[in-house]
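One structure follows; several queries about it will come next.
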2 protein chains.
Amino acid sequence: MTETIDAYFDRLGQAARTAAQAIARAGTAQKNAALRAIADALDAARSDLTAANEHDLQAAHAAGLSPALIDRLTLSPKVIDAMIEGLEQIADLPDPVGEIRELRQRPSGIQVGRMRVPLGVVGIIYESRPNVTVDAAALCLKAGNAAILRGGKEAIHSNQAIARCVQQGLAAAQLPAMVVQVIERTERELVTRLVSSPQYVDVIVPRGGKGLIEAVAQAAKVPVIKHLDGNCHVYVHAAAKPEWVVPIVENAKTHRYGVCNAAETLLIDEAVAPRYLPEIGAMLARHGVEMRCCPKAWSLLHAAPQVPAELLKPATEADWATEYLAPILAIRVVTGLDDAIDHIARYSSHHTEAIITEDYSAAMRFLREVDSASVMVNASTRFADGFEYGLGAEIGISTDKFHARGPVGLEGLTSEKWIVLGHGTIRR
Amino acid sequence: MTETIDAYFDRLGQAARTAAQAIARAGTAQKNAALRAIADALDAARSDLTAANEHDLQAAHAAGLSPALIDRLTLSPKVIDAMIEGLEQIADLPDPVGEIRELRQRPSGIQVGRMRVPLGVVGIIYESRPNVTVDAAALCLKAGNAAILRGGKEAIHSNQAIARCVQQGLAAAQLPAMVVQVIERTERELVTRLVSSPQYVDVIVPRGGKGLIEAVAQAAKVPVIKHLDGNCHVYVHAAAKPEWVVPIVENAKTHRYGVCNAAETLLIDEAVAPRYLPEIGAMLARHGVEMRCCPKAWSLLHAAPQVPAELLKPATEADWATEYLAPILAIRVVTGLDDAIDHIARYSSHHTEAIITEDYSAAMRFLREVDSASVMVNASTRFADGFEYGLGAEIGISTDKFHARGPVGLEGLTSEKWIVLGHGTIRR
């Protein structure tokens, strides 16, 4: 007889709560040993992993999944290598748990400081990318949290094969198996339970497309670390250093198109638009990037010799708010810094924005006044990334302000408690 | 014709979003000038404030409100003094906004750091304590946030009189009036809107009893900084320094009864219970504190000469989980550190717990393993407080782990964004 969803989920949740206490108290060496043992188990299970993945891939082909989805679902030897390498990297990161900062003496005689502590139980909801199972489990484990993982149903056999390796690694390090639980049932109702059960889950991290994340946020009764659009802007200020303009715009737009930190709108001061736009247009044309232009930008680009007319389109209102994730760039001529900051405040998704300028006051105002998770001066938006920022790994990029903002690494999976040291001290 | 709730709330929310941009960009001097001008306006409006409050008090008496509620509602000259002093203190605090930390050089050539930024729009929901209107508005303003305040309907005239002073102060400092909006309509539906409108509100801080906070958390679609029970524990370890035991237990339980950081349960190692319990019992008896005891504690206290039998009761299961806020203390004899930590994990509300010990390893394990917002060694739980911790002021004490934990001051009303400084730097 099948267990009811209620009974199944309660069992899962209670096990996570118990395991969370154990992993929170585990030492750094024990957690790192588990991470390395999981890597070893994956390496030893390559043929099992490939067989389980083949099972999923056959079903995916039969169901007519798109090539992009099948690509993400595939556990190639290279993907398995990357999972193993990721585990080693996370084992090498400093342990955030137990770190104490700012232990200060107070006039009352107590010393007060803060100690970094795990969040507890982290729920991860993701699409059919089995490698996320390992990455997410490893980050949660290192930060001292228990994890409940719910992957896409198309990857169920791959995920269960990976889960067995994770269990082996945990057992090898004498940690409870329930520290990482991969949900093996596919009912959609379980997602709803996961996001609405604060008694079992402390935070949800959805990883996937905007649709998934919005659905999770809508149903959530638990805090969600969420990443919505990356509608990123590059703003060429009147005082931009000439040799920085084209390289930064090129890198921000064309380095990779399908990533959240790619530029989607270029803003340029009217004082310098005639000077730079023809060269920028020629560069974009070489990459085959379509330009959706405000009327002023359209005129300037239309007159430029190296910009084919078929790559130029007038921008609509919707273009300013669109994350293309494609070789398309919206371009708008602005009157100056205030106009640029206002445009960004109105249309940005608060992910990442960059200014190119040699003007100190403009740079300082842009840094201070632009309300995005990452704000950059004279650098490409492509740097908005946990590895580039030195976090070592990231569980996601938060476009929220509450708790964590921007790339979320181990620190975002922890909290801080206050500690007080006295010597028989009482309050007067 | 009365404006619909929809139209009223949309107007309020849009005004808050616009004002949030202005206050986020305001400089420290301007914000401090506003705080001091509000203090001056309150001082000049003493007779208006008293008249408005008299209006509320008459209605409260007519409605038969309890003396405790009427006490909280009263704007005595002393309460007005305290509001003015609070404003001056908040003006004197360092401005958290714009603070940059850990600006580090990365191998790619960029410098990456974090800048402290306002959260945006803060919604405060509170009961009929008009002084909260000023305290909450001042903390939000200093942290660069716009505030929407919804106080108890019994205080509506007092709150509106205070709101006029706040408006005067903002105007005197050339800040938009809408930086602080005090909701002047009393429909309950507006509370529901406030907590479920992420398009207008970034975080909700409910201040009041457990019922209010649970109702807000239940309905919320916006992050909530919430403070539920303070079921705090003092644990007397076998290696406690004898002269610290009675003073800390006495201070934690009897310094003030109705506060969230008062001790509600005493745990004591069985090895030292015979030695200390009679003296602790005598001290509690002098204060008239009722003792709800486990069987072992009951036997020891029953045999103690200075403990009247009428103050001794057997503890029920419910006692371990109760925040009395009264001269009552639950007492349980435990077998040692593990038993104490397990008891706390099971029954505590994760607010504040203290151990009394001279044993280094016991102190370190208690600090590390007890999962509460404040964990103390050899100090009274009464220190869990924003002023005692040096935060200068607190908007509340969070019993959550996400975002802010424990006393929440200006920092808890802010977030951090990433800033990147380059010199034409692109990603390879």
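Looking only at residues in region A:1-12 that are in contact with a Lys or Arg (Cβ under 8 Å, 6 or more places away or on another chain) and not in a loop (DSSP other than H, G, I, E, B), which one is nearest to A:Ile148 (Cα to Cα)?
To start, the set of residues in region A:1-12 that are in contact with a Lys or Arg (Cβ under 8 Å, 6 or more places away or on another chain) comprises A:3, A:5, A:8-9.
Among the residues that remain, those that are also not in a loop (DSSP other than H, G, I, E, B) are: A:5, A:8-9.
Values: A:Ile5: 15, A:Tyr8: 13, A:Phe9: 11 Å.
Of everything passing the filter in region A:1-12, A:Phe9 is nearest to A:Ile148 (Cα to Cα).
Restricting attention to region A:218-256, and to residues there that are in a helix (DSSP H, G or I) and of a type in the set (Gly, Ala, Ser), which single residue is modelled with the lowest pLDDT?
Of all residues in region A:218-256, those in a helix (DSSP H, G or I) come to A:218-219, A:242-254.
Remaining after also requiring of a type in the set (Gly, Ala, Ser): A:219, A:252.
On the way: A:Ala219: 89, A:Ala252: 98.
My answer is A:Ala219.
Then there's this: Right, B:Val201: assigned by TED's automatic domain parsing to the domain that holds B:Arg150, more than 15 Å from the chain's Cα centre (by Cα) and at pLDDT 95 or above or not?
Yes: the conditions hold for B:Val201.
Still on this model: Within region B:301-346, track down each residue that is among the acidic types (Asp, Glu) and over 29 Å from the mean Cα position of the chain (by Cα).
The answer is B:Glu310, B:Asp338, B:Asp339.
Residues of region A:406-426 being at the interface with another protein chain (Cβ under 7 Å from one of its Cβ atoms) and charged (D, E, K, R), which ones?
Once the filter is applied, which keeps residues that are at the interface with another protein chain (Cβ under 7 Å from one of its Cβ atoms) and charged (D, E, K, R), region A:406-426 yields A:Glu416, A:Lys417.
Which one of these does A:Pro242 not meet: (1) under 28 Å from the mean Cα position of the chain (by Cα); (2) within 14 Å of chain B (Cβ to nearest Cβ); (3) of a type outside the set (A, V, I, L, M); (4) surrounded by fewer than 16 Cβ atoms within 10 Å (Cβ to Cβ)?
It is condition (1) that A:Pro242 fails.
Given the conditions (1) more than 14 Å from every other protein chain (Cβ to nearest Cβ); (2) touching a residue at least 24 places away in the same chain (Cβ under 8 Å); (3) within 24 Å of B:Tyr389 (Cβ to Cβ), and given that B:Cys232 satisfies all but one, which numbered condition is not satisfied?
Here B:Cys232 meets the rest and fails (1).
Could you please tell me which pairs satisfy a Cβ distance under 7 Å, a separation of 6+ or placement on different chains, a first residue in region B:123-136 that is more than 13 Å from B:Gly396 (Cα to Cα), and a second residue that is of a type in the set (Asp, Glu)?
B:Ser128/B:Glu154
Related question: In region B:315-330, is there at least one residue being in a helix (DSSP H, G or I), within 30 Å of B:Pro206 (Cα to Cα), within 9 Å of chain A (Cβ to nearest Cβ) and in contact with an Asp or Glu (Cβ under 9 Å, 6 or more places away or on another chain)?
Among the residues of region B:315-330, not one is in a helix (DSSP H, G or I), within 30 Å of B:Pro206 (Cα to Cα), within 9 Å of chain A (Cβ to nearest Cβ) and in contact with an Asp or Glu (Cβ under 9 Å, 6 or more places away or on another chain), which makes the answer no.
Please find, among A:Gly113, A:Gly144, A:Gly120, the residue that is at pLDDT 95 or above, within 13 Å of chain B (Cβ to nearest Cβ) and surrounded by fewer than 19 Cβ atoms within 10 Å (Cβ to Cβ).
Testing whether each residue is at pLDDT 95 or above, within 13 Å of chain B (Cβ to nearest Cβ) and surrounded by fewer than 19 Cβ atoms within 10 Å (Cβ to Cβ) leaves just A:Gly113.
Which members of region B:262-302 meet the condition of being in contact with a Cys (Cβ under 8 Å, 6 or more places away or on another chain) and either in a loop (DSSP other than H, G, I, E, B) or at pLDDT below 95 (or both)? I'd like the intermediate steps shown before the answer.
Taking region B:262-302 first, the residues in contact with a Cys (Cβ under 8 Å, 6 or more places away or on another chain) are B:262-265, B:301.
Result: B:Ala262, single match.
Would you point out the residue of region B:250-265, among those that are closer than 20 Å to B:Ser372 by Cβ and at the interface with chain A (Cβ under 10 Å from one of its Cβ atoms), that is farthest from the chain's Cα centre (by Cα)?
Result: B:Asn251.
A follow-up question, please. For region A:14-29, name all the residues that are away from chain B (no Cβ under 14 Å) and exposed (fewer than 15 other Cβ atoms within 10 Å of the Cβ).
A:Ala29
Please go through region A:209-227 and give me each residue that is of a type outside the set (D, E, K, R) and buried (at least 18 other Cβ atoms within 10 Å of the Cβ), ordered by number.
A:Ile213, A:Val216, A:Ala220, A:Val222, A:Pro223, A:Val224, A:Ile225, A:His227, listed by residue number.
Could you give every pair whose Cβ atoms fall below 8 Å, whose first residue belongs to region A:63-83 and is under 16 Å from A:Ile162 (Cβ atoms) and among the polar types (S, T, N, Q), and whose second residue is assigned to a helix (DSSP H, G or I) and at pLDDT 95 or above, counting only separations of at least 6 or pairs across chains?
A:Thr74/A:Asn53; A:Thr74/A:Leu57
Here is a follow-up. Please indicate, with yes or no, whether at least one residue in region A:338-356 is basic (Lys, Arg), at the interface with chain B (Cβ under 7 Å from one of its Cβ atoms) and out of contact with any Leu (no Cβ under 8 Å at 6 or more places or on another chain).
No, the conditions are met nowhere in region A:338-356.
Against the definition (more than 22 Å from A:Thr399 (Cα to Cα), basic (Lys, Arg) and surrounded by 16 or more Cβ atoms within 10 Å (Cβ to Cβ)), how does A:Lys253 come out, yes or no?
For A:Lys253, the condition - more than 22 Å from A:Thr399 (Cα to Cα), basic (Lys, Arg) and surrounded by 16 or more Cβ atoms within 10 Å (Cβ to Cβ) - is not met.
Please find, among B:Glu99, B:Glu127, the residue that is more than 14 Å from every other protein chain (Cβ to nearest Cβ) and among the acidic types (Asp, Glu).
B:Glu127
Could you tell me whether region A:98-106 includes any residue that is of a type in the set (A, V, I, L, M) and more than 30 Å from A:His423 (Cα to Cα)?
No: zero hits.
Moving on to the next point. Could you tell me which of the residues B:Lys296, B:Lys313 is in contact (Cβ under 8 Å) with a residue 24 or more places away in the chain and among the charged types (D, E, K, R)? Lay out the reasoning, then the answer.
Details: B:Lys313 fails: in contact (Cβ under 8 Å) with a residue 24 or more places away in the chain.
Residue meeting the stated conditions: B:Lys296.
Buried (at least 20 other Cβ atoms within 10 Å of the Cβ), at pLDDT 95 or above and over 15 Å from A:Asn231 (Cα atoms) - does that describe any residue in region A:336-351?
yes
If you don't mind, there's one more thing I want to ask. B:Val259: among the β-branched types (Val, Ile, Thr) and either in a loop (DSSP other than H, G, I, E, B) or surrounded by fewer than 18 Cβ atoms within 10 Å (Cβ to Cβ) (or both), yes or no? Give the derivation first.
On the way: among the β-branched types (Val, Ile, Thr): yes; either in a loop (DSSP other than H, G, I, E, B) or surrounded by fewer than 18 Cβ atoms within 10 Å (Cβ to Cβ) (or both): yes.
So B:Val259 fits the description; yes.
Looking at this structure, is B:Thr322 within 30 Å of A:Lys253 (Cα to Cα) and not assigned by TED's automatic domain parsing to the domain that holds B:Thr133? So that I can check it myself, show each step before the final result.
On the way: within 30 Å of A:Lys253 (Cα to Cα): no; not assigned by TED's automatic domain parsing to the domain that holds B:Thr133: yes.
No; evaluated as a whole, the condition is false for this residue.
Regarding region B:380-403, can at least one residue be identified that is at the interface with chain A (Cβ under 7 Å from one of its Cβ atoms) and of a type in the set (A, V, I, L, M)?
No, region B:380-403 contains no residue that is at the interface with chain A (Cβ under 7 Å from one of its Cβ atoms) and of a type in the set (A, V, I, L, M).
Going through B:Gln105, B:Gln58 one at a time, which residue ends up being within 14 Å of chain A (Cβ to nearest Cβ) and surrounded by fewer than 18 Cβ atoms within 10 Å (Cβ to Cβ)? It would help to see each step written out before you state the result.
Working: B:Gln58 fails: within 14 Å of chain A (Cβ to nearest Cβ).
Exactly one of B:Gln105, B:Gln58 is within 14 Å of chain A (Cβ to nearest Cβ) and surrounded by fewer than 18 Cβ atoms within 10 Å (Cβ to Cβ), namely B:Gln105.
Does B:Ile70 satisfy the criteria of being more than 16 Å from B:Glu154 (Cβ to Cβ) and β-branched (Val, Ile, Thr)?
So B:Ile70 fails the test.
Give me the pairs, please: first residue somewhere in region B:19-31 and in the same structural domain as B:Val97 (by TED's automatic domain parsing), second residue anywhere and modelled with pLDDT of 95 or more and of a type in the set (Asp, Glu), beta-carbon distance under 6 Å, and either six or more positions apart or on two chains.
Short answer, once both residue conditions are applied: B:Arg25/A:Glu369; B:Thr28/B:Asp95.
Tell me which residues, restricted to region B:367-393, are of a type in the set (Phe, Trp, Tyr) and crowded, with 24+ Cβ neighbours inside 10 Å.
We begin by selecting, within region B:367-393, every residue of a type in the set (Phe, Trp, Tyr); these are B:383, B:387, B:389.
Within region B:367-393, B:Phe383 is the sole residue that qualifies.
The values are calculated or read from the model by the stated rules, or taken from the named source; none is laboratory data. Since the model is a prediction, treat every value here as computed from it, not as a measurement. Please note: Cβ atoms are built from the backbone with ideal geometry, for glycine as well, and neighbour counts cover all protein chains shown.
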